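The next block holds one structure in the form of structure tokens; read it before the comments.
The values are calculated or read from the model by the stated rules, or taken from the named source; none is laboratory data. Note that the coordinates shown come from a computational prediction; the quantities given were computed from them, not determined experimentally. Quick reminder, even Gly has a Cβ in these numbers, built from the backbone with ideal geometry, and neighbours come from all protein chains shown.
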Amino acid sequence: MDQLILKIIKEETSGGVLSPMEIRLFKFVNKFKKELGTSTKMREFFRNSLKTFNLPESDAGYYHELYTLNYRPEGDYENLTRSNLKDPKLFSTQKRTSNTQARSFTQDKLPFKGSNLEGFWKQTQDNEWAYIVNSYGWYTIYVFKYNRWFEVDNTYSSSTSRQMRHADPVRWSEDLNQQAIIVSSEEIKKVVRGLIKPEDLLTTRSDKFITDMKQKQRSGEEFTFRAGWYNERVRIKAKITSVRKTRSGYDISVDVLDVFKMDGNKIDREAGDFFTGDMEGITKDKIIRDVNSYFGSLSSSMFKGLKSDLYKVKVTFRGN
């Protein structure tokens, strides 16, 4: 048993921690380090090189920091171990920056200190690491955890709202190709503490959405909405007729009761009857797309950042 424990300890402290591609990347950067000179040029070099090494471009800041903290002039990066590796989560210090430049830090998940705005790494009580962005030292606005971004839904104040625009890590970043999961101020605290995970949010919100749909069906509530543009703009009246559980999720049946063509903000009384096919340019296929788009907008804020195939909408027209 003692020998087994010693073997485990040795593996944990002496084993290489960088992947073969990461080692090759750092050796490659070593060749150009003197030429690059400034930190800005170095980071851009990382961003342009990562794809070649099959590493995500969005991690350029992280790899730049990891390389800087663990720079080895001889290029022997294979000798980095758990015991001598300087992890940016632990060794990076908060760099001073203006709030308007905060996004460059949050995208790379690097510690920073702005004006009543800061980002830092923290090991949470569930033994996970979280990158946290706080406003005024206490109000958490963004969290990166479980390999996902979370964003608080309440901006709290106009100044915090501005800070969120400056620090937003994903909204204007094409290379990240992701959305933050929108959560309440209480939920984001629970994410940090490890009491909520993305799959929990999906389950909770799915249950709420379906409960709301069933309630609308039971009440027989009719709803109207506008869709389309210019000469295809319409107002649709409909109701939910059934919410049925299937193997893959739910089928929500929607009955279209009436369709009105719009002229600006007014109903075009001369446009003809949709149900007799007299409404020029307005087809059943278009209305089906409009109904699906409407339900997509209903669920988009609730499921933002969470990929959900919870339901399919089936459209009928006056029961047919």
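With (1) touching a strand residue (DSSP E or B) at 6+ places or on another chain (Cβ under 8 Å); (2) modelled with pLDDT under 90 as the list, and GLU78 as the residue in question, which single condition is left unmet?
(2)
If I filter segment 135-153 for residues that are in contact with a Ser or Thr (Cβ under 6 Å, 6 or more places away or on another chain), assigned to a strand (DSSP E or B) and aliphatic (A, V, I, L, M), do I get at least one hit?
yes
Can you name the number of the only condition in (1) over 30 Å from the mean Cα position of the chain (by Cα); (2) assigned by TED's automatic domain parsing to the domain that holds VAL133; (3) of a type in the set (Gly, Ala, Ser) that GLY37 fails?
(2)
Just wondering, is there one or more residues in segment 169-183 that are surrounded by fewer than 13 Cβ atoms within 10 Å (Cβ to Cβ) and either in contact with a His (Cβ under 9 Å, 6 or more places away or on another chain) or not in a loop (DSSP other than H, G, I, E, B) (or both)?
The answer is no, given that none of the residues of segment 169-183 is surrounded by fewer than 13 Cβ atoms within 10 Å (Cβ to Cβ) and either in contact with a His (Cβ under 9 Å, 6 or more places away or on another chain) or not in a loop (DSSP other than H, G, I, E, B) (or both).
Which one of these is assigned to a helix (DSSP H, G or I), charged (D, E, K, R), modelled with pLDDT of 90 or more and not assigned by TED's automatic domain parsing to the domain that holds VAL143: ARG47, ARG72, ARG24?
Answer to the selection: ARG24.
List the strands (runs of 3 or more DSSP E) that sit entirely inside segment 221-320 and contain at least 1 residues that are among the hydroxyl-bearing types (Ser, Thr, Tyr), crowded, with 17+ Cβ neighbours inside 10 Å and in contact with a Phe, Trp or Tyr (Cβ under 6 Å, 6 or more places away or on another chain).
250-263, 311-317
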